[in-house]
Amino acid sequence: MQHGKYRFIVGFLVVPLVLYAVFVIWPFIQAIYYSFTDWTGLSPDFKMVGFGNYSRMLKDDIFWKSLQHSVILVLVLPLVTLGLALFFAFMLNVGGRRRKNAAVAGVRGSGFYKIAYFFPQVLSIVIVALLFQFAYNPRSGMINSALEGIGLDSVQPEWLGDPNLALICVMVVLVWSTVGFFVVLFSAGMASIPKDFYEAALLDGANRITTFFKITVPLLWDTIQSGWVYMGILALGVEAFTAVQVMTVGPGGPDYSTSILPLYVYQTAFRDGQAGYATTIGVGLLIVTMAFAAVVMRLGRRERLEF
């Protein structure tokens, strides 16, 4: 039985590892290499500039603004999105009133609510961003029209045209488009928790808040931690980039109030023709992403609970 075991394992692993090295590891190495050049992205000719791009990045005001906005997204979006998703999933699974045939149950119509919450996940983020762009229109958008309809004619914000509101508007869209996925994810996790735990806690006099923090959160902690990392990557990656690219003025405006690192990388490479400097910013984004994941995994480490 042991004969040829390692050869069999290597035979299965070699192809995935080669593909991973070619399509993931090698592009990272290339990006780091090009970050030390003045490559335009179009010409085959370039020269080494050493740490010139990194020195320029540290003095770049737009980079620091983009970094600040990306950090805000990676701190706020997971907190708000996962908090709402946990609350909704708890209410849909164990937060309802007691019934004759079940001491612990979700709110009535929980099946419909799960579908409704998940619906935005079916839509492309581009479509969602376009819909909200129309809704945020200060002249004919749904939001200002609704405010006008209820007599608040004097309250007509510019929304995406206001530097103080634009980033908040983008975050609202990202929360709305992603919270449904985590509702379904956490609902699946809660379904695996024995109902006896909740029933015993209720018999001991615990209320819903106590059962949420003492039973649900500890037993779902691994799922919450994974969701936190995943949501942080979305906030630093394509979801945030697409929302800002489609919705905002510029994009990234007004006055760089919604500029984020992925967008700045894109603009520097394809608009300004400075691929070498763009890869330098990309390396900075990679460091921020890895640091975020490491911090979440380290701070979220706790003894595994089994049931």
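Just to confirm, what accessible area per residue do you get for segment 168-307 at 1.4 Å probe, in whole Å²? Walk me through the numbers before you get to the answer.
Working: 6570 Å² over 140 residues.
For segment 168-307, the per-residue accessible area is 47 Å².
Suppose R0 equals 51 Å. What FRET efficiency, 1/(1 + (r/R0)^6) with r the Cβ-Cβ distance, do ILE25 and ASN164 give to the nearest 0.05?
Once the sixth-power term is evaluated, E becomes 0.75.
Less than 15 Å Cβ to Cβ from GLY252, Lys/Arg counted +1 and Asp/Glu -1: what total charge do the surrounding residues give?
The answer is -3.
Rounded, prolate or oblate, given the Cα gyration tensor of segment 174-307, with a/c below 1.5 counting as rounded?
prolate
Just in segment 217-307: which trypsin sites (Lys or Arg not before Pro) are loop by DSSP and have at most 16 other Cβ atoms within 10 Å?
Counting only loop positions with at most 16 other Cβ atoms within 10 Å, the trypsin sites (Lys or Arg not before Pro) in segment 217-307 are ARG301, ARG302, ARG304.
Roll a 1.4 Å probe over the protein heavy atoms and report the accessible area of THR289 in Å², nearest 10.
About 30 Å², ignoring ligands and nucleic acids.
Report, by chain and number, residues whose modeled amide H sits under 5 Å from the one on THR37, excluding near sequence neighbours (fewer than 5 apart, same chain).
Under 5 Å from the amide H of THR37: VAL49.
Given a 10 angstrom Cα cut-off, can you work out which residue in GLY276, GLY41, GLY109 is the most mobile in a GNM of the chain?
Its mean-square fluctuation being the largest, the pick is GLY109.
Carbon and sulfur atoms: what percent of the 1.4 Å accessible area of segment 244-307 do they account for?
Ligands and nucleic acids excluded, carbon and sulfur give 60 percent.
Kyte-Doolittle cut-off 0.0, length cut-off 30 Å along the helix's own axis using Cα: show which whole DSSP H helices in the chain pass.
61-93, 166-191, 275-299
With a point put 7 Å past each Cα toward its Cβ, work out how far ASP255 is from ILE150 in nm, to one decimal.
3.0
Running a GNM on the chain with Cα contacts under 10 Å, which residue among ALA293, ALA243, ALA116 ends up with the highest mean-square fluctuation?
ALA116
Compute the length gained on full extension between TYR33 and ILE127: take 0.36 nm times their separation in residues and subtract their Cα-Cα distance, giving the result in nm to one decimal.
Once the chain is fully extended between TYR33 and ILE127, it gains 30.2 nm.
The values are calculated or read from the model by the stated rules, or taken from the named source; none is laboratory data. This structure is a prediction, so every number in the text was calculated from the model and none was measured. Every residue, glycine among them, receives a Cβ derived from its backbone with ideal geometry; neighbour counts consider all protein chains shown. Keep in mind that these areas ignore ligands, DNA and RNA; they rest on the heavy atoms of the full protein, side chains included. Shrake-Rupley method; radii C 1.70, N 1.55, O 1.52, S 1.80 Å.
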